[in-house]
Each structure stands twice: as structure tokens, then as C-alpha cells.
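The values are calculated or read from the model by the stated rules, or taken from the named source; none is laboratory data. Keep in mind it's a predicted model, so treat the numbers as computed, not measured. When we count neighbours, we look across all protein chains shown, and the Cβ atoms used for this are built from the backbone with ideal geometry, even at glycine.
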Amino acid sequence: MNKTEFIWVDMDGVIANFIGGMCSLYNIDETEFRQKRKEIGKWDGINAINKINKSDMSYDDLMNDICKTPDFWFDLEPLESGKELINNLIRNNHDIGVLTTVPEIGSKKARIEKRIWLAKHYPKIGRIEFAGGENNIKKHGYARAGIALIDDKPDNIVNWINAGGTGIIWDSVAPNFSKIGEL
Ligand SMILES: [Mg+2]
């Protein structure tokens, strides 16, 4: 018997390789990026990009560059550990959906491409919700008791738990499947 009623799975960094897409945009090696981000100790990758490329970009610059890149979201590679995660959840009879935040800059592009990406790679996932953008509902607006979120962003998990939900932090490079088994 599963303890949770419903599980929301994050998209970027859990099932879609956003870091891979971002690194190829700036000609950065993904392993180098992950290492630099760890060294800096900040989850936000903009500092790592700036360090590696000796640039001075802001988060908005990154989003503007993404906006100018045709099919950026659609072309993201599916993460292998994300496939395992989804298969694991379905095998264990969990009701699941994808809850993903879209940036304010280019939110329409992100929403359209993410929807097409999901239809291509995960056609069986019927429930998709977008937080952020002009929608103005934050991710944790969907949190409540019995509802879980699996997400790679620490702040999202903290906010989710504070809002009464069950949160599991996900590392696509070192996925923790035993935590998932507790849901
Ligand atoms: Mg994420």
C-alpha cells in the first residue's frame, strides 16, 4: 500500500537534462560544470558558467539565450535515471504527474516545447502542470499532505515540505531509489 496519494515529478534535472542543454549552449563540458558548481557550493548554475567561461552573465541573460535557441527545451536529452524513476513509480502503482516551472522570460516557448517533449518521451503521463511564468502559482502551491514532490532543486523541496507535502530531493547523477520506495 502506497503512503502517498499522488506524486509530482519535476522535469528539468530529473527527467530532462537541462544542464546538458545549457552546457552545450555555452560550449561547456557537463562534468566540468557539475564539478565547478559543487566547488562554488551554490545550486544555481549561473556562477559556474561565469567561472568557466570568464563571463558575467545574469540569470535573465541565460533565459534570453535559451529563448533565442530554437527547440531548446524540446531538444533536451531524457535522463536515464529519470526513465528508471518513472518506470519505478509506475511499477509501484503510483499516480504521477509532471510539475515543472517555466521561466518568466520565454514562458510560452517553454510551455509549448515542454508539452511536446513530454508527449514524445512520456506519452503515458497525462497530468502536467506548469508553475511560474505568468501563471504566478509557485510549485509549492500544489503541495498538501499526502502529495509528494520529487525535485532536484533544494529550495523547492524545502518550500514543499513547509507547505505540508512530502518532498524528496533528487540527484540524477546519484539517484536514491530507496527513498522513492518509502512513498
Ligand atoms: Mg529541476
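Here are some notes:
- Test for Arg115: is it touching a Gly at 6+ places or on another chain (Cβ under 8 Å) and at pLDDT 95 or above: no
- Against the conditions (1) of a type in the set (Lys, Arg); (2) within 16 Å of the ligand (Cβ to nearest atom); (3) more than 30 Å from Thr166 (Cβ to Cβ), Lys51 satisfies every one except (2).
- Of the numbered criteria (1) away from the ligand (no atom under 16 Å from the Cβ); (2) under 19 Å from Asp152 (Cβ atoms), the one Met1 fails is (2).
Condition check ((1) of a type in the set (Lys, Arg); (2) within 29 Å of Asp71 (Cβ to Cβ); (3) touching a residue at least 60 places away in the same chain (Cβ under 8 Å)) across all residues:
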| residue | (1), (2), (3) |
| --- | --- |
| Lys83 | yes, yes, yes |
| Ile96 | no, yes, yes |
| Pro123 | no, yes, no |
| Glu129 | no, yes, yes |
| Gly132 | no, yes, no |
| Tyr142 | no, yes, yes |
| Ile150 | no, yes, yes |
| Ile180 | no, no, yes |
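- Residue, nearest to Ile19 (Cα to Cα), within the stretch 32-54, restricted to residues that are in a helix (DSSP H, G or I) and of a type in the set (D, E, K, R): Arg34
- Residue ID - nearest to Arg37 (Cα to Cα), chosen from residues in the stretch 159-182 that are of a type in the set (S, T, N, Q) and in contact with a Ser or Thr (Cβ under 7 Å, 6 or more places away or on another chain): Ser172
- Single match in Asp155, Asp95 (criterion: surrounded by fewer than 19 Cβ atoms within 10 Å (Cβ to Cβ) and either over 30 Å from Asp61 (Cβ atoms) or of a type in the set (Val, Ile, Thr) (or both)): Asp95
- Residue identified as surrounded by 14 or more Cβ atoms within 10 Å (Cβ to Cβ) and farther than 28 Å from Met1 by Cα among Leu76, Leu85, Leu89: Leu76
- Whichever residue in the stretch 132-146 is touching an Asp or Glu at 6+ places or on another chain (Cβ under 8 Å) and surrounded by 14 or more Cβ atoms within 10 Å (Cβ to Cβ) and, among such residues, is farthest from Arg111 (Cα to Cα): Tyr142
- Count of residues meeting criterion [within 14 Å of the ligand (Cβ to nearest atom) and on the phi > 0 side of the Ramachandran plot] in the stretch 8-48: 1
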